[in-house]
Amino acid sequence: MPPITFYFDLGSPYAYLSAERLETVLGTSVVWQPILLGGLFAANGRGSWALAGDVSRQAGIAEVERRARACGLPAVRWPDPWPSDYLFAMRAATFAFLTGAGRAFTLCAFRAAFQDGRDLGRPEVVLDAGAEVGIGRE
């Protein structure tokens, strides 16, 4: 069986929910791969449900919060603003995987965003996550 690849963007609450459960459900053999979701949306002429109007946004938020409760995860605290610009965060995630700290950084960043409500569009939040898992701030 080929390895399973988990493609994620740090701005995706659904990716956060998945990341929190991957090892429990699938084990540690999953390959984690950062991918810029905004780039995929642009390439395919699509967009995020979070930007598709208030009804779509509220329904999506409610669904994410329901799933977090069902999975026994802490209540979701939404960053303000959300979504934000995650290019720096995704570059940091890519770097973290090169240093061997990718999974730890990704989980730390997801938790900063969706458990602590911190905006990963702010470089200092991303750098804090890196420092927490042993990646220097330089």
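Would you mind telling me which numbered condition in (1) outside any loop (DSSP other than H, G, I, E, B); (2) charged (D, E, K, R); (3) more than 23 Å from Arg118 (Cβ to Cβ) Arg21 fails? All conditions are met except number (3).
The listed residues are Ala113, Ala92, and the only one of them that is closer than 25 Å to Thr5 by Cα and touching a Pro at 6+ places or on another chain (Cβ under 8 Å) turns out to be Ala113.
Taking each residue of segment 3-17 that is modelled with pLDDT of 95 or more and looking for partners that are charged (D, E, K, R) and not in a loop (DSSP other than H, G, I, E, B) with beta-carbon atoms closer than 7 Å, six or more apart or interchain, yields Leu17/Arg67. What number of residues in segment 34-61 are under 24 Å from Ala109 (Cα atoms) and not hydrophobic (A, V, I, L, M, F, W, C)? The total comes to 8. Do you know which residues across segment 34-68 are in contact with a Gly (Cβ under 9 Å, 6 or more places away or on another chain) and outside any loop (DSSP other than H, G, I, E, B)? Hits for segment 34-68 are Pro34, Leu37, Gly38, Phe41, Trp49, Ala50.
Within segment 103-124, the set of residues being assigned to a helix (DSSP H, G or I) and either basic (Lys, Arg) or more than 25 Å from Ala50 (Cβ to Cβ) (or both) comprises Arg103, Ala104, Arg111. Quickly run through segment 5-30 and pick out the residues that are among the aliphatic types (A, V, I, L, M) and either within 16 Å of Gly121 (Cα to Cα) or surrounded by fewer than 12 Cβ atoms within 10 Å (Cβ to Cβ) (or both). Those that are among the aliphatic types (A, V, I, L, M) and either within 16 Å of Gly121 (Cα to Cα) or surrounded by fewer than 12 Cβ atoms within 10 Å (Cβ to Cβ) (or both): Leu10, Val25. Which of the residues spanning segment 81-101 are buried (at least 20 other Cβ atoms within 10 Å of the Cβ) and outside any loop (DSSP other than H, G, I, E, B)? The answer is Ala89, Met90, Ala92, Ala93, Ala96. For segment 125-134, the condition of being surrounded by 19 or more Cβ atoms within 10 Å (Cβ to Cβ), in a loop (DSSP other than H, G, I, E, B) and either in contact with a Cys (Cβ under 8 Å, 6 or more places away or on another chain) or of a type in the set (A, V, I, L, M, F, W, C) (or both) holds for none of the residues.
The values are calculated or read from the model by the stated rules, or taken from the named source; none is laboratory data. On a predicted model such as this, the values are computed, not experimentally measured, just so you know. Every residue, glycine among them, receives a Cβ derived from its backbone with ideal geometry; neighbour counts consider all protein chains shown.
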